[in-house]
Amino acid sequence: MLQLTDSVTELTGVGPKRLTALGQLGIQNISDLLYYFPFRYEDLKVKDLAEAADQEKVTLKGTVVAEPVISRWGPGKTRLNVRILVEHDVVMVTFFNQPYLKDKFETGVDVAIYGKWDAKRHTLTGMKVLAVQSADNPSFAAIYSVNKSVQQGTLVKLIKEAYEKYQAVIPELIPEALRQQYKLVNEQALIAGMHFPETYPEAKQARRTAIFHEFFLYQLQLQSIKQSERHVANGLALHYQNAALKEFIQTLPFELTAAQKRVVNEICLDLKSPTHMNRLLQGDVGSGKTIVAAITMFAAVTAGYQAALMVPTEILAEQHYQKLKQLFAPMNVTVGLLTGSITAKERRPLLADIENGRINMIVGTHALIQNAVNYQRLGFAVIDEQHRFGVNQRRILREKGLQPDVLAMTATPIPRTLAITAYGEMDVSTIDELPKGRVPIETSWVRSNQVEQALSFVGTQLAQHSQVFAITPLIAESEQMDLKNAEEIYAKLSERFAPDYQVALLHGKLKDDEKNRIMTAFSENQIQLLVSTTVVEVGVDVPNATVMLIFDADRFGLAQLHQLRGRVGRGKKQAYCLLVADPKNQQGIDRMTIMTETNDGFVVAQKDLELRGPGEVFGHQQSGVPTFKVGDPIADFASLQVAQQAVQKIFTTDPDLTHYPTLKQYLAQQQQNYLTLD
Ligand code: ADP
Ligand code: MG
């Protein structure tokens, strides 16, 4: 039987290669494909010349007046010129670098061309040759975000085929009553209307439904977690040993800030109480969240439970592991590290020790929630950089233990209303103060023609035994290009600073254990200058690093720049952030200015919101709010709220979803996806 979970290889022309290419877009099965929506539409309706505005993208229809002429205007560059008669005007149409279009133009034949209209010069820069409009030609073309290996045309063809073949088995996920109440279209119309709309109202209606659809299913997952906890009458009451905790805090090399003490108390209170802890800990970069995690994890251990710390990257896992091991060496606490790159040989005894309880604290990546991992007595789970994880990963971690208390930590402040919607009913603790003695980071914006000065400054810092991060540009389209850039900068900096100083290159393509080796060497000051792509962006803590040098800084978003900057200024020495950038637009200039003006993460987040708008900020991975594909949790907040309430009502009246078999099946599928992902 046909099912939306069928692989896309069921479609014509999808072999292993195309499967990989589609996979890069997040498309694996038919459902992924059908719900891969366009981000905008092009109006292909033919316009009259008189209606076309200057620089507008329009479709013109006319008759080819003369044979097209191809000319060269640079190495490998061509221009195709063709004159067409539109009504009574002759228009010159130019296509760049598409000489093969020549065959499409035959003198005396009608054509329709989509392109950009230049009213002054009376010319059209051609973008697309369309079939001359006929009854079955759509007036809109959906535009998808694609990559090099999957083209628009291919995607459209596949979506069409999938829709034709599978439309009869698309399950109706939004309950009928809700659909009627909120005037939403059914699932088939949603998909058809998103991909192949005939009119704008149709596209709009489909989009409205798609937004609700997305929020509804998200809320369904979120609230089903709460449901799964419902069956447990009580959470755990962790009776920790207060004296041991105090003693441990005494051993720390610094005094906790008032804010740290306050949040430790809040968390401990939750631990002790028999209700579930479901708490979010927010605090700016460098505010000292890790030690709060360590103290409270220790509390759980003194109560006779295991504690787990889950982090998004191997580098962070390794760093936290080393730190906890060192902190707890005198306390007779055994710490274990579990990541994807641990060898099979190390793995078996490790898993055994987690299961028999010899290990008290486990640090790891999402390897912590794999099927093979069984905890003896998991009572407390901390999730660092929580926004990097999905809803289901939190759920599975929870289900691993005896319904452990959960603390999620994030450096990204988000509006309160949004926090509740995004995280469910989490309690929030905030660290609103930085440790004493921190000297504020000095941020400067350097033009690329002043990079020499920046480098000599790096030289003086290195000479003072400080360490330096150099972050290389981010080129959105291609990891390959990122790497090439990184290598070039690495070569340049090595030439200048090696062998007096050790220079190393860190990038995403390295094996995990290689990354760990380099990071460890950097944190032990065996490497002084670390050239890196953004893999160091979250969480890394090397207090002796005082310079964060960011190349092409205008390519990064504000939140990310702030995260990167937060890698320095963690010790007592004055730290510097140097942004090398020649921004080409006002936004870039604004971002550089804001960075030089404030160190406060809350202010940066607020400015980010103003500059980019909520859609961009909260649609982004970094933001702390899950990524939605069509919906915008702020602009479409009303829809989000309705979805939240609707789901609430469903669970109140029918907690086991007995009357909603499709929803039940959907949830089961989602969980399975996550379980097999790793
Ligand atoms: P983040 O909140 O960004 O995760 P970390 O937990 O990595 O920050 O802490 C940043 C640095 O500050 C670490 O080197 C940590 O040891 C140090 N630190 C934490 N709390 C204090 C404190 N109360 N006084 C001085 N230094 C502290
Ligand atoms: Mg951290």
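The values are calculated or read from the model by the stated rules, or taken from the named source; none is laboratory data. As the structure is a computational prediction, the values presented were derived from the model and not from experiment. A quick note on method: Cβ atoms are made from the backbone with ideal geometry, for glycine too, and the neighbour counts reach across all protein chains shown. The protein model used for the area step is the full one, side chains on, heavy atoms only, and it has no ligands, DNA or RNA in it. Shrake-Rupley method; radii C 1.70, N 1.55, O 1.52, S 1.80 Å.
The single condition from (1) in contact with a Gly (Cβ under 7 Å, 6 or more places away or on another chain); (2) surrounded by fewer than 18 Cβ atoms within 10 Å (Cβ to Cβ) that K102 fails is (1).
Of all residues in the range 88-108, none are closer than 26 Å to V14 by Cα and not hydroxyl-bearing (S, T, Y). Taking the range 250-263 as the range and being away from ligand 2 (no atom under 16 Å from the Cβ) and either under 31 Å from the mean Cα position of the chain (by Cα) or under 20 Å from D405 (Cβ atoms) (or both) as the test, the residues that pass are K261, R262.
Counting only strands (runs of 3 or more DSSP E) that sit completely within the range 42-87, those holding 1 or more residues that are on the phi > 0 side of the Ramachandran plot correspond to 69-74. Among the residues of the range 569-597, the ones that are crowded, with 23+ Cβ neighbours inside 10 Å and within 16 Å of ligand 1 (Cβ to nearest atom) come to 3 in all.
Being open to solvent by 60 Å² or more (accessible area, probe 1.4 Å) and at pLDDT below 90 is the filter; apply it to the range 235-280 and report the residue that is nearest to ligand 1 (Cβ to nearest atom). Ranking the candidates gives T275 first. Checking W73, W117 one by one, the residue that is of a type in the set (F, W, Y), closer than 17 Å to L49 by Cβ and either open to solvent by 40 Å² or more (accessible area, probe 1.4 Å) or at pLDDT 90 or above (or both) is W117 and no other. Taking every residue in the range 289-305 that is within 12 Å of F328 (Cα to Cα) and within 10 Å of ligand 1 (Cβ to nearest atom) and pairing it with any residue that is among the polar types (S, T, N, Q) and open to solvent by less than 10 Å² (accessible area, probe 1.4 Å), at least 6 positions away or on another chain, the pairs with Cβ-Cβ distances below 8 Å are I291/Q260.
Within the range 188-212, the residues that satisfy the criterion of being open to solvent by 10 Å² or more (accessible area, probe 1.4 Å) and of a type in the set (V, I, T) are T199, I211.
Taking the range 46-89 as the search range and keeping residues that are touching a Phe, Trp or Tyr at 6+ places or on another chain (Cβ under 8 Å) and of a type in the set (K, R), which one is farthest from V109 (Cα to Cα)? Step by step, filter the range 46-89, then rank; the result is K77. When L324, L337 are checked against the criterion of being modelled with pLDDT of 95 or more, within 13 Å of ligand 1 (Cβ to nearest atom) and of a type outside the set (D, E, K, R), a single residue qualifies: L324. Across the range 305-334, the qualifying residues are those that are among the hydrophobic types (A, V, I, L, M, F, W, C) and over 30 Å from the mean Cα position of the chain (by Cα), and the one among them that is nearest to A411 (Cα to Cα) is L327.
For the condition closer than 25 Å to I589 by Cα and within 16 Å of ligand 2 (Cβ to nearest atom), what is the one hit in T472, T534, T546? Please lay out each step first, then the result.
Numbers: T472 fails: within 16 Å of ligand 2 (Cβ to nearest atom); T546 fails: within 16 Å of ligand 2 (Cβ to nearest atom).
Going through T472, T534, T546 in turn, just one is closer than 25 Å to I589 by Cα and within 16 Å of ligand 2 (Cβ to nearest atom): T534.
The rows are residues; the columns are (1) in contact with a strand residue (DSSP E or B) (Cβ under 6 Å, 6 or more places away or on another chain); (2) without any contact (Cβ under 8 Å) to a residue 12 or more places away in the chain; (3) under 24 Å from A141 (Cβ atoms).
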position	(1), (2), (3)
I27	no, no, yes
L34	no, no, yes
P38	yes, no, yes
V46	yes, no, yes
K57	yes, no, yes
L60	yes, no, yes
V69	yes, no, no
R72	yes, yes, no
D89	no, no, no
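The requirement of being within 16 Å of ligand 2 (Cβ to nearest atom), crowded, with 23+ Cβ neighbours inside 10 Å and part of a helix (DSSP H, G or I) is fulfilled nowhere in the range 305-313; no residue meets it.
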